[in-house]
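Everything on this sheet refers to the single structure shown next.
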Amino acid sequence: RNAIADYPHGIFDSWPQKEVELYYTDVAGDNMFTASSISIGTKEACFDTYNDVDFFVINSSTTKACKITTTCEAGYNIDCEIYDSNGNLIAWDANYGQVNKAFPLYAGKNYFIKFYNYDNMPGEYTITLS
């Protein structure tokens, strides 16, 4: 299995109830060393288990502002932390609900984005970088 995929999910028939297809929903790494690459745009992700965290890495060829937002089911409390390539925390968003955070990207630098559900609940979410 792919090193950045966490947990196999199954799609079930309604009758008889049996698993018909396995797929990997979570495409994020669990730490900075296994972080999945992300770019400007939208990406689907998933907290597969309780206490799951998702790491992504972004690298920009130009210096610009970046805005991160998330969307998910009502009642989820997604937070994020942003680290530079040395592992220093440079920004975070820990408001209740969805992530809505802007930070600067400098050309040629890697930035690691850690997402987690403060309530430690599994579930799917969408990340938008603009």
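The values are calculated or read from the model by the stated rules, or taken from the named source; none is laboratory data. Predicted, not measured: the structure shown is a model, and the values here were computed from it. Reconstructed Cβ throughout: ideal geometry from the backbone, glycine too, with neighbour counts over all protein chains shown. All accessible areas refer to the heavy atoms of the entire protein, side chains included, with ligands and DNA or RNA removed. Shrake-Rupley method; radii C 1.70, N 1.55, O 1.52, S 1.80 Å.
Below is a table of values for the structure above.
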| quantity | calculated |
| --- | --- |
| Formal net charge of residues neighbouring Pro104 (Cβ-Cβ distance under 12 Å; K, R +1; D, E -1) | +3 |
| Pairwise label distance in nanometres, Asn31 with Tyr50, each label 7 Å out on the Cα-Cβ vector | 2.3 nm |
| Solvent exposure of segment 44-130 as accessible area per residue, Å², 1.4 Å probe | 49 Å² |
| Ordering of 48-58, 91-101, 33-43 by packing [mean C-beta count within 10 Å, highest first] | 48-58, 91-101, 33-43 |
| Debye log10 I(q)/I(0) at q = 0.16, 0.19, 0.26 Å⁻¹ for segment 29-116, Cα point scatterers | -0.60, -0.86, -1.60 |
